[in-house]
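Where a number appears in this text, it was derived from the coordinates with a stated rule and is not lab data. Source: prediction; values computed, not measured. Neighbour counts run over all protein chains shown; Cβ positions are idealised from the backbone, glycine included.
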Amino acid sequence: MAMRKVFFGATIVMVTLIASCASRKDSLNEIGNQSIDRVRIIASQNADFIRKNGDKELSGRSVQYVKDTMKDPDSALVRNVKVVDFEGGKVVCGEVNAKNSYGAYVGYSAFAASPKGAEFYQKDTSRFPSAIFEAQWNLGIIKVCSF
């Protein structure tokens, strides 16, 4: 009888662990899907802008938006800027480096942008203890911008 209780208890623990792993995987997939959706919104915002202004103006205004969101916009350095086709729209991809509150540059971070919004690659390890979570959180930028 005692052996049966141990086996039953172990079975419950195993089922709970398996359900927990499946739930975590679903959650990570949902985070990745939301990241891609955020970049889709940027691409759709850009579709109308391009019809009126063209790719070059899109790039310039998107980069300006990115710089304006920095703590010290005048210090912002931008590189590897490109306009990328994505699901019927276009996204401006690039990397930005700017000074923080202490006046030090923080390192380049990828972005996907429009003249009205931007999505930045989040690499703050205190908030992302897992490389898998970080990759899913940033999946939209990774997929579209190939960084």
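In segment 62-116, how many residues are small (Gly, Ala, Ser) and either part of a strand (DSSP E or B) or touching a Gly at 6+ places or on another chain (Cβ under 7 Å) (or both)?
Qualifying residue count for the region: 7.
Looking only at segment 39-81, count how many residues are more than 22 Å from Trp137 (Cβ to Cβ), charged (D, E, K, R) and surrounded by 13 or more Cβ atoms within 10 Å (Cβ to Cβ).
So the count comes out to 5.
Residues checked against (1) of a type in the set (Ser, Thr, Tyr); (2) within 15 Å of Phe120 (Cβ to Cβ):
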residue	(1), (2)
Asp37	no, no
Arg40	no, no
Asp48	no, no
Lys52	no, no
Ser59	yes, no
Ser62	yes, yes
Lys67	no, yes
Val78	no, yes
Lys82	no, no
